[in-house]
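Q: Right, I'll just put the structure down here and ask away after.
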C-alpha cells in the first residue's frame with residue numbers, strides 16, 4: 001500500500017496543487033465581481049500604488065454608467081512583463097486590455113503581437129469619443145484629441161493604430177529645495193550651465209554631518225542618457241548640416257557613418273568635441289562610481305539628502321514627492337544649457353532642445369477578449385477629457401488629452417516645442433557599438449582623455465564600422481521582404497472589399513510602395529557612392545551653400561534690382 | 001504476417017502498462033474518439049473562406065491561410081473566380097511567407113503563371129504578372145538581383161497590362177533600377193520614359209511616385225531646377241489618406257522642397273514659401289525652429305549679397 005502511494009505521490013500532489021490553484025484563483029476572481037458581471041482584465045507593468053488606485057477609480061466611475069462592468073487589474077513587475085505578455089498572448093489567456101510598448105521586448109516582437117493578438121484601433125481613433133460630448137473636443141476624432149495626434153501608437157508597418165495612450169511623459173531635473181538653500185544660499189538653481197556647475201562645485205565643497213562631502217548630482221548608468229538627450233546634445237545640432245543627406249531634418253545612423261567616411265564628420269567635429277567636454281564637466285559632479293550604480297541607488301542617495309540634484313521623469317515625480325514628504329520639498333527645473341554667449345560652447349548653441357511630446361501608458365484590446373467592444377469603450381472613457389485629467393491627477397502624471405489641467409508641479413514638464421534636434425548618432429550596432437560603449441565609459445569616468453577617445457575610436461568606426469553598416473543594409477533588404485508581405489495583405493484586403501482605386505487602402509498601398517519599396521534602393525546607391533567617392537562638393541554638407549548656388553542667388557538679386565524702378 | 005506480429009507485440013506492450021494508467025488513458029481516449037465521431041463541420045462559403053485565409057495571412061498564420069485557400073475549390077458554391085482567387089492567395093502565401101527559407105518560389109511562380117494562362121482577363125492576372133516580376137527583384141538577403149532579368153520581367157508586365165495599376169507599378173520599379181545606377185546615360189533614358197508616363201497617364205494614381213523618381217534622376221544629373229520642379233509636382237499630385245498620420249503629414253516634404261530650393265537650386269523665393277508653410281501648418285513639428293532659422297539666414301545672406309552687389 002505504502003509502496004503504491006509512494007509511486008503515485010507525485011501525480012496526486014500535482015493534481016491536488018492544480019485543483020487548489022484553480023479553486024483559489026476562481027474564489028479570488030469571484031470575490032472581485034458578481035457571477036453574471038462583465039469582467040474586463042487590464043494588464044500593465046505599473047506597480048505604483050497611485051496607478052492602481054487611479055485605475056480603480058476609473059473602474060468605479062465607469063460602473064456608474066455601466067453597472068455590470070467590473071475591472072480587474074493584473075499589475076506585473078516590469079522585469080517579467082515581457083515573458084508574462086508572451087505567455088499570456090500565446091496561451092490565449094491575455095487580459096482584455098494590455099499595456100504595450102515596454103522596451104524589454106524588441107520592437108519586431110511587439111509588431112508581431114500587435115498583428116496577431118491585438119484588435120486594430122484605427123476605427124476607434126477616427127471616430128469621435130462619445131465621452132467628450134459637452135466639451136470643446138466634442139465631435140473631434142479621438143486621435144486628434146490626443147496631444148501627439150496618436151502618432152506614437154500608429155504602426156507604420158501595419159498602417160493601423162494599435163492602442164490608445166493615456167498619459168504624457170517628460171524628463172526634467174529634480175532638486176532638493178532646502179538642501180540647495182542650506183548649502184549654497186540659492187532659492188532657485190541656476191539655468192545657465194556654467195553657473196550650474198559652479199553651484200555644484202559649491203555643494204561638493206560642503207560636508208555632511210558624517211564628514212563626507214555632499215554629492216551635487218545623484219546619477220547612475222540609467223540617468224546619464226537623460227542628461228545627454230535633454231541637455232548635452234543641444235550642442236551637436238550643427239552636425240545636421242553636414243550629414244542630413246535624405247533631407248528629412250534628422251541625422252540617421254547611416255547618414256552619420258556615411259558623413260564620417262566622406263570626411264564631413266568625425267568625433268573631432270567641433271560640435272561633438274563640445275559635447276564631450278560638457279559631459280566631462282558634468283560627470284565630475286556625479287557621485288564616484290556612478291556608471292556602476294543602478295537607478296534605485298541614485299534615487300536612494302537623493303532621498304537620503306546626500307545629493308541635491310537628480311534627473312528623472314514624470315513617472316518618478318509622485319513617488320519622489322511622497323518619499324520626500326516631511327523631509328524636504330522637491331523642486332523641478334529645466335536642464336541648464338550653456339548660454340549663447342558662452343565663450344567656449346556658445347557658438348554651438350543655436351536654441352533650446354526640441355522635445356517631442358511623448359505620450360505613453362497605452363493600452364491595446366486583445367483578440368482573446370470576450371468583451372472587446374466593452375474594453376474599447378472603457379479605453380474611450382479613460383481617454384476622455386474629464387476622465388483622463390482625473391486619472392492622471394491621481395497618478396501624478398501628465399494627461400495625454402488636449403485641454404486638460406495638470407498638477408502645478410508637473411507644469412515644468414511641458415515639452416519644449418521649438419528648438420534644435422540632437423545630431424549625434426554613433427550606434428552602428430555590432431562590434432562598433434561595443435567598442436564605442438567601452439571607450440565612452442572610460443571617458444565618462446576620466447580614465448582616458450578626449451584625444452585618446454578620438455584616436456582610439458575613430459579608426460574602429462571608419463574601418464570596422466563598414467561591416468556593421470553593411471549588416472544594416474542587409475537588414476534593409478530583409479525589411480523589403482517584410483514590406484512586400486504587408487503590401488500583399490493590404491492589396492488583397494482592398495480587392496476583397498471591392499474598394500475603388502481612390503479608397504484609403506489603395507492610397508496606403510501606393511504610399512508604402514513608393515516610399516518603402518521604390519525609393520530605398522536609390523538612396524542606398526547614393527550612400528555607397530558617398531562612401532566610395534566622397535561628396536560631389538568636397539567639404540560641403542547638404543545644408544551648406546555651394547559657390548554655384550551663391551552665384552544663382554546673386555543673379556536673382558541682380559535681376560530683382562534691374563526690375564525695380 | 002508482419003502485421004500480425006506487430007499487433008501481438010503491441011498487445012503485449014499494452015498489457016505491460018499498469019492498470020490505473022490504462023484506465024487514465026481510456027479516459028483520455030474516449031473523448032477523442034467521441035470527437036472523431038462528430039460530423040465534420042466545414043465552412044462552405046468560398047467568400048468566407050477567402051476572407052478567413054487573407055485574415056490568417058495578415059496575422060502571419062501561413063499554415064491556416066494555405067489550408068483555407070486550398071479548401072476553396074472544394075466548396076460546392078465556388079466558381080471560377082473563387083478558384084483563381086484561391087490559387088492567387090495560395091501562391092502569395094508560398095511566395096512571401098516568413099521566414100524566407102520556408103518560401104516555395106517554384107510553386108508560387110507556377111500558381112501565378114497558371115492564373116495568367118488560364119484567366120488572362122481576371123482582375124488578379126495583372127497582379128500575378130507583377131508578383132512574378134517582383135520575385136526576380138526581391139532576392140534573398142545577401143544576394144544582388146540580376147537587374148537585366150528584373151527589367152525584362154517588369155517589361156513583360158508593362159507590355160501586357162500598360163493601362164493597369166500593376167503595369168504602372170512595374171514601370172516605376174523598372175525605372176528605379178535604372179536610376180539607382182546613378183549613371184547619367186541610364187538616368188536620362190529613365191527620365192525620358194517617366195516623362196512619357198506622366199504625359200500619357202496624367203490621372204494615374206502612381207503619378208506622384210513617378211515625379212518622385214524624376215526628382216531623384218534630376219538630382220543625379222545635377223539639374224537642381226528640374227529636381228525642384230519634380231519635387232513640387234510630386235507634392236501637388238500626392239494622394240492623402242487622412243486616416244493615416246504618416247500619409248497626411250506633409251511636413252517633411254515641405255522641408256525637403258524648401259532645402260532643395262535653398263541649397264541646390266538657389267531659389268530663395270520658393271524656399272521661403274515652403275519653410276513658411278511648414279511653420280504655419282505644423283506648429284508642433286521639430287523642423288519649425290530650423291525653418292525659422294532658414295528664413296532668417298536667407299534674409300541675412302541676401303542683405304550681405306546686395307551690399308556686395310551695390311556699386
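Q: Any residue that is more than 7 Å from chain B (Cβ to nearest Cβ) and more than 28 Å from residue B:180 (Cβ to Cβ) - is there at least one of those in segment A:477-491?
A: no
Q: Would you mention how many residues in segment B:270-287 are surrounded by fewer than 23 Cβ atoms within 10 Å (Cβ to Cβ) and facing another protein chain (nearest Cβ under 8 Å)?
A: 3
Q: Of the residues A:510, A:524, A:516, which is buried (at least 16 other Cβ atoms within 10 Å of the Cβ), at pLDDT 85 or above and either within 9 Å of another protein chain (Cβ to nearest Cβ) or under 21 Å from residue B:223 (Cα atoms) (or both)? Steps first, please.
A: On the way: A:524 fails: buried (at least 16 other Cβ atoms within 10 Å of the Cβ); A:516 fails: either within 9 Å of another protein chain (Cβ to nearest Cβ) or under 21 Å from residue B:223 (Cα atoms) (or both).
It is A:510.
Q: Mind checking which helices (runs of 4 or more DSSP H) fall wholly inside segment A:95-159 and carry at least 1 residues that are surrounded by 21 or more Cβ atoms within 10 Å (Cβ to Cβ), away from chain B (no Cβ under 12 Å) and in contact with a helix residue (DSSP H, G or I) (Cβ under 7 Å, 6 or more places away or on another chain)? Write out each step before concluding.
A: Values: elements: A:107-117, A:122-126, A:142-145.
Helices (runs of 4 or more DSSP H) meeting the threshold: A:142-145.
Q: Now for a separate question. Do we find that residue B:258 is at the interface with chain A (Cβ under 10 Å from one of its Cβ atoms) and surrounded by fewer than 20 Cβ atoms within 10 Å (Cβ to Cβ) in this structure?
A: Numbers: at the interface with chain A (Cβ under 10 Å from one of its Cβ atoms): yes; surrounded by fewer than 20 Cβ atoms within 10 Å (Cβ to Cβ): no.
It is false that residue B:258 is at the interface with chain A (Cβ under 10 Å from one of its Cβ atoms) and surrounded by fewer than 20 Cβ atoms within 10 Å (Cβ to Cβ).
Q: What number of residues within segment B:252-305 are out of contact with any helix residue (DSSP H, G or I) (no Cβ under 6 Å at 6 or more places or on another chain) and over 13 Å from residue A:248 (Cα atoms)?
A: Here the count works out to 20.
Q: Is it fair to say residue A:288 is more than 24 Å from residue A:433 (Cβ to Cβ), in contact with a strand residue (DSSP E or B) (Cβ under 6 Å, 6 or more places away or on another chain) and free of Cβ contacts under 8 Å to residues at least 12 places away in the same chain?
A: On the way: more than 24 Å from residue A:433 (Cβ to Cβ): yes; in contact with a strand residue (DSSP E or B) (Cβ under 6 Å, 6 or more places away or on another chain): no; free of Cβ contacts under 8 Å to residues at least 12 places away in the same chain: yes.
It is false that residue A:288 is more than 24 Å from residue A:433 (Cβ to Cβ), in contact with a strand residue (DSSP E or B) (Cβ under 6 Å, 6 or more places away or on another chain) and free of Cβ contacts under 8 Å to residues at least 12 places away in the same chain.
Q: Can you tell me how many residues in segment A:401-432 are outside any helix (DSSP H, G or I), more than 14 Å from every other protein chain (Cβ to nearest Cβ) and touching a strand residue (DSSP E or B) at 6+ places or on another chain (Cβ under 9 Å)? Let's see the steps before the verdict.
A: First, pick out the residues of segment A:401-432 that are outside any helix (DSSP H, G or I): A:401-407, A:414-429.
Still in the list and also more than 14 Å from every other protein chain (Cβ to nearest Cβ): A:401, A:403-407, A:424-429.
Checking the rest, the ones that are also touching a strand residue (DSSP E or B) at 6+ places or on another chain (Cβ under 9 Å) come to A:401, A:404-407.
Within segment A:401-432, residues that are outside any helix (DSSP H, G or I), more than 14 Å from every other protein chain (Cβ to nearest Cβ) and touching a strand residue (DSSP E or B) at 6+ places or on another chain (Cβ under 9 Å) number 5.
Q: Here's a follow-up. Are any residues in segment B:109-136 within 11 Å of another protein chain (Cβ to nearest Cβ) and under 17 Å from residue B:94 (Cβ atoms), and if so, which ones?
A: Residues satisfying the conditions are B:124, B:127, B:130, B:131, B:134, B:135.
Q: If you go through segment B:199-222, how many residues are without any contact (Cβ under 8 Å) to a residue 24 or more places away in the chain, away from chain A (no Cβ under 11 Å) and farther than 17 Å from residue A:522 by Cα?
A: Residues that pass the stated criteria total 3.
Q: Which number in (1) within 12 Å of another protein chain (Cβ to nearest Cβ); (2) within 30 Å of residue B:199 (Cα to Cα); (3) outside any helix (DSSP H, G or I) marks the one condition that residue B:142 misses?
A: Residue B:142 satisfies every listed condition except (2).
Q: Here is a further query. Of the numbered conditions (1) crowded, with 19+ Cβ neighbours inside 10 Å; (2) farther than 23 Å from residue A:38 by Cβ; (3) under 24 Å from the mean Cα position of the chain (by Cα), residue A:394 satisfies every one except a single condition; which is it?
A: (1)
Q: Quickly run through segment B:135-157 and pick out the residues that are within 22 Å of residue B:85 (Cα to Cα) and crowded, with 23+ Cβ neighbours inside 10 Å.
A: Within segment B:135-157, B:157 is the sole residue that qualifies.
Q: Does residue A:5 qualify as being part of a helix (DSSP H, G or I) and more than 30 Å from residue A:166 (Cβ to Cβ)? Lay out the reasoning, then the answer.
A: Values: part of a helix (DSSP H, G or I): yes; more than 30 Å from residue A:166 (Cβ to Cβ): yes.
Considered against the rule, which asks whether it is part of a helix (DSSP H, G or I) and more than 30 Å from residue A:166 (Cβ to Cβ), residue A:5 comes out as yes.
Q: Moving to a separate point now. Pick from segment B:295-311 the residues that are at the interface with chain A (Cβ under 9 Å from one of its Cβ atoms) and assigned to a helix (DSSP H, G or I): which of them is nearest to residue B:226 (Cα to Cα)? Show your work before the answer.
A: Start the filter on segment B:295-311 by keeping residues that are at the interface with chain A (Cβ under 9 Å from one of its Cβ atoms), which leaves B:298, B:301-302, B:305-306, B:308-310.
Keeping just the survivors that are assigned to a helix (DSSP H, G or I) gives B:298, B:301-302, B:305-306, B:308-309.
Details: B:298: 22, B:301: 24, B:302: 24, B:305: 25, B:306: 27, B:308: 29, B:309: 28 Å.
Applying the filter and picking the extreme gives B:298.
Q: Only one of (1) without any contact (Cβ under 8 Å) to a residue 40 or more places away in the chain; (2) within 12 Å of chain A (Cβ to nearest Cβ); (3) over 27 Å from residue A:119 (Cβ atoms); (4) part of a helix (DSSP H, G or I) fails for residue B:47. Which number is that?
A: Failed condition: (3).
Q: Give segment B:168-197 a look and list any residue that's surrounded by 20 or more Cβ atoms within 10 Å (Cβ to Cβ) and over 20 Å from residue B:146 (Cα atoms), or say none.
A: B:168, B:191, B:194, B:197
Q: Right, here's the next one. Looking only at segment A:381-391, filter to residues that are touching a residue at least 40 places away in the same chain (Cβ under 8 Å) and surrounded by fewer than 19 Cβ atoms within 10 Å (Cβ to Cβ); which one of those is farthest from residue A:123 (Cα to Cα)? Full working, then the answer.
A: Quick first cut of segment A:381-391, residues touching a residue at least 40 places away in the same chain (Cβ under 8 Å) only: A:381-388, A:390-391.
Imposing the further condition that a residue be surrounded by fewer than 19 Cβ atoms within 10 Å (Cβ to Cβ) reduces the set to A:386, A:390.
Working: A:386: 22, A:390: 25 Å.
Filtering segment A:381-391 for residues that are touching a residue at least 40 places away in the same chain (Cβ under 8 Å) and surrounded by fewer than 19 Cβ atoms within 10 Å (Cβ to Cβ), the one farthest from residue A:123 (Cα to Cα) comes out as A:390.
The values are calculated or read from the model by the stated rules, or taken from the named source; none is laboratory data. Computed from a predicted model, the values in this text were never measured in an experiment. Because the Cβ atoms are built from the backbone with ideal geometry, glycine has one as well, and the counts that use them run over all protein chains shown.
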